[in-house]
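Trainee: After the structure tokens below, expect a handful of questions from me.
Any read-out appearing in this document is the output of simple, stated calculations on the displayed coordinates, not a laboratory observation. Just so we're clear, the structure is a prediction, and the values are computed from it rather than from any experiment. Methodologically, a virtual Cβ is constructed for each residue, glycine included, from the backbone with ideal geometry; neighbour enumeration extends over all protein chains shown.
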Amino acid sequence: MKRRGVMALVLAGCMAVALSAGCGKKEGALGGEVAESGEEIVIEFGVYETDNLTAEIWQSMIDAYETENPGVKIKKVLEAGGSDDQTFWKTMLSSGSLPDVLMQTEGLETIEGVFAEVPQELLNLFEDAALCEYNGKYITIPMVKQYRMQCYYHKDVFEELNLQEPETWDDFLHICETIKKADKVPLMCGGTGDVWATGEPYWICVGNGALLSEYPEFNKQLEEGTVQFNNPVTVEVLTAWQDMINKGYYYKGAMSLGYPQAAEEFQKGTSVMMMDGSWVAAAMDAEGKDNIGVFAVPLMDGSKTYTANYIYWGVSEASEHKDIAFDFIRYICEENPEIYRAYLKADGLYSSTKTAVTYEQGPLMTKFMENISGWEPATEIFYAVGEYAMPSGVASFVCKSFQNIFNGADVSSETVSWDAEYQRLLEAQ
């Protein structure tokens with residue numbers, strides 16, 4: 001599920017490549033035949049676009065590879081927007097039209113036979129800790145690392161109200177109450193079609209770390225039946241969130257806003273704070289903004305656990321040109337570090353390759369990383385990978401449940417429904 005800016009609503013085509021009759025074969029680094037004489041090979045590349053991950057970012061990858069590989073055309077397939085990316089790609093899968101390369105495997109890895117096994121030569125490029133198996137096979141490529149969410153704020157309002165960045169959960173609640181008493185809106189979130197934007201930011205900032213602090217092997221324990229979603233930590237975290245909502249700490253019209261509109265309203269000053277991703281820091285640094293600060297929300301139990309994920313790409317098992325598809329991915333992360341670097345910098349991402357690719361960070365991104373120095377990293381439970389990945393569909397269900405809680409539903413009843421849906425989807429796998 002994407003967690004960032006405005007989505008384009010059209011499928012974009014790619015530049016055609018002029019083919020010369022009689023051109024020879026070019027062997028890819030993975031040993032696959034890249035082009036046959038007089039024949040155009042088309043590879044579909046499934047992506048989504050945001051304010052940061054623009055059409056230009058993807059096109060730079062496509063143009064560079066096509067230039068180096070005459071006879072190959074990379075055709076971009078653009079996720080069409082909406083509340084649930086997983087549903088979009090599942091629909092394409094069910095219709096037999098999943099792209100050859102998909103830059104978002106979450107929700108599909110646990111479905112048998114969707115992705116092809118990754119060649120060892122390609123796996124060797126990446127950090128060992130990032131690799132994960134499904135049924136004894138490596139079927140995804142850990143392209144990048146992403147440090148998830150923190151709380152952004154307007155510096156001038158904090159200065160006006162004599163507020164400091166919080167060191168404890170109580171400090172954070174004091175900030176919210178002080179802003180509310182000053183007749184300002186403490187927090188912004190999204191709603192409407194971007195279902196994830198209502199509760200997922202809070203969950204990632206506050207809930208995920210608290211849960212894993214108490215249950216370090218939560219996903220494993222959940223599958224084994226020794227712990228449930230309806231546990232004291234989850235209920236406490238979500239009850240605290242609902243209490244914040246009931247006290248009027250969130251913008252009253254939030255549920256009518258998509259994520260892009262909510263982010264825009266925050267930047268305009270409609271709210272003083274907004275929990276959002278590292279991509280915001282990258283975008284604001286690129287724009288040269290210096291009126292926004294950022295802090296890691298202190299966890300309720302005082303622990304220091306933050307959420308960081310790898311983003312995985314995959315090659316369709318149904319692809320007729322798997323070698324070329326894998327070679328395209330290898331080209332991006334090994335052969336042409338400049339386009340890989342541009343991808344990373346645009347969205348505040350970090351390389352996951354053994355040979356690190358770095359870029360100069362702006363002040364807000366630097367502060368974002370300083371905030372979690374010394375904290376313990378943890379995977380987001382709903383997007384965990386490998387043996388104990390959540391069944392496909394759980395994350396979407398929970399995001400909708402967050403909206404129910406935002407609208408006043410009983411927290412304990414909602415978490416009970418998570419357990420029921422989890423079991424249903426686990427048995428259906």
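Trainee: Once you charge only the Cβ atoms, +1 for Lys and Arg and -1 for Asp and Glu, what is the size of the charge dipole of the range 142-185 about its Cα centre, to the nearest 20 debye?
Mentor: Dipole of the range 142-185, to the nearest 20 debye: 340 debye.
Trainee: Over all directions, what mean area does the Cα convex hull of the range 382-427 project, stated in square nanometres?
Mentor: Over every viewing direction, the Cα hull of the range 382-427 projects on average to 3.1 nm².
Trainee: Determine the dipole magnitude for the chain: charges of +1 sit on the beta-carbon of Lys and Arg, -1 on that of Asp and Glu, nothing else is charged, the reference point is the Cα centre, and the result goes in debye to the nearest 20.
Mentor: With only Lys, Arg, Asp and Glu charged at Cβ, the dipole is about 780 debye.
Trainee: Now, a different point. Between Glu427 and Lys304, 0.36 nm times their residue separation minus their Cα-Cα distance comes to what?
Mentor: Once the chain is fully extended between Glu427 and Lys304, it gains 40.8 nm.
Trainee: Kindly flag which residue pairs out of Lys76/Lys145; Lys73/Lys220; Lys268/Lys354; Lys155/Lys345; Lys247/Lys345; Lys180/Lys220 have an alpha-carbon separation exceeding 32 Å in this structure.
Mentor: With Cα atoms farther than 32 Å apart: Lys73/Lys220; Lys268/Lys354; Lys247/Lys345; Lys180/Lys220.
Trainee: Oh, and also: Using a 7 Å offset from the Cα along the Cα-to-Cβ direction at both Met369 and Thr168, what is the distance between the two label points in nm, to one decimal?
Mentor: 3.1 nm
Trainee: What per residue convex hull volume, in Å³, do the alpha-carbon atoms of the range 135-174 yield?
Mentor: About 129 Å³ per residue, rounded to a whole number.
Trainee: Still on this structure, please answer the following. Would you kindly derive the ³J(HN,Hα) couplings of the range 114-131 from the backbone phi angles with the Karplus curve 6.51 cos²θ - 1.76 cosθ + 1.60 (θ = phi - 60°), listing them in order in whole Hz, with x for Gly and Pro?
Mentor: In residue order, the calculated couplings are 7, 10, 7, 5, 7, x, 4, 4, 6, 4, 4, 6, 10, 4, 4, 5, 8, 7 Hz.
Trainee: Here is a further query. Relative contact order for the chain: what is it in percent, counting Cα pairs under 8 Å that are at least 6 residues apart?
Mentor: Across the chain, relative contact order equals 25 percent.
Trainee: Shifting gears a bit: Given Cα pairs under 8 Å that are at least 6 residues apart, what percent is the relative contact order of the range 288-385?
Mentor: Relative contact order comes out at 46 percent.
Trainee: For Lys75, which sequence-distant residues (separation of 5 or more, or a different chain) have an amide H within less than 5 Å of its own amide H, given hydrogens modelled in the peptide plane?
Mentor: So Lys75 has HN proximity to Ile43, Glu44, Phe45.
Trainee: Okay, moving on. Across all directions of projection, what mean area in square nanometres is found for the Cα convex hull of the range 129-265?
Mentor: Across all orientations, the range 129-265 yields a mean hull projection of 11.1 nm².
Trainee: What length, rounded to one decimal in nm, is gained on full extension from Glu236 through to Leu125, with 0.36 nm per residue of separation minus their alpha-carbon distance?
Mentor: 35.8 nm
Trainee: Can you find, among Ser351, Trp241, Ser256, the residue farthest towards the positive end of the dipole of the chain? Put +1 on the C-beta of Lys and Arg, -1 on that of Asp and Glu.
Mentor: Towards the positive end, the residue furthest out is Ser256.
Trainee: If you don't mind, there's one more thing I want to ask. Tell me the relative contact order for the range 172-313 as a rounded percent, counting alpha carbon contacts under 8 Å between residues six or more apart.
Mentor: 43 percent
Trainee: For Lys400, list the lysines whose Cα falls under 19 Å from its own Cα; do not include residues on the same chain fewer than 8 positions away.
Mentor: Of all the lysines, those that pass the test against Lys400 - Cα under 19 Å, at least 8 places apart if same chain - are Lys2, Lys90, Lys252.
Trainee: Which is farthest toward the positive dipole end of the range 147-193 among Leu161, Tyr147, Ile175, measuring Cα position about the Cα centre, with Cβ charges +1 (Lys, Arg) and -1 (Asp, Glu)?
Mentor: Toward the positive end, the furthest listed residue is Tyr147.
Trainee: Before rounding to the nearest 500, sum -39500 (n - 2.57) across all DSSP H runs of length at least 4 in the chain and divide by the residue total; then give [θ] at 222 nm in deg cm²/dmol.
Mentor: The per-residue figure over the chain is -11000 deg cm²/dmol.
Trainee: How about the range 318-423: which GluC sites (Glu not before Pro) there lie in a loop by DSSP and see at most 16 other Cβ atoms within 10 Å?
Mentor: For GluC sites (Glu not before Pro) across the range 318-423 that sit outside H, G, I, E and B with at most 16 neighbouring Cβ atoms in 10 Å, the list reads Glu320, Glu360, Glu387.
Trainee: Placing +1 at every Lys and Arg Cβ and -1 at every Asp and Glu Cβ, with all other atoms neutral, what dipole size does the range 200-337 have around its Cα centre, in debye to the nearest 20?
Mentor: The dipole magnitude comes to about 580 debye.
Trainee: Quote the convex hull volume per residue of the chain, based on C-alpha atoms, as a whole number of Å³.
Mentor: Dividing the Cα hull volume of the chain by its residue count gives 131 Å³.
Trainee: What fraction of the DSSP beta bridges in the chain is antiparallel, stated in percent and rounded to the nearest 5?
Mentor: Around 60 percent antiparallel, to the nearest 5.
Trainee: So the label point goes 7 Å from the Cα of Gln228 along Cα→C-beta, right? Which residues of the range 399-420 then have their backbone N under 12 Å from it?
Mentor: Residues 412-420 qualify, since their backbone N sits under 12 Å from the label point.
Trainee: Let me ask something else about it. Compute the distribution of all C-alpha to C-alpha distances in the range 291-350, in bins of 10 Å from 0, and list the percent of pairs in each, rounded to whole numbers.
Mentor: Going out from 0 Å in 10 Å bins, the range 291-350 shows 16, 31, 26, 16, 11, 0 percent.
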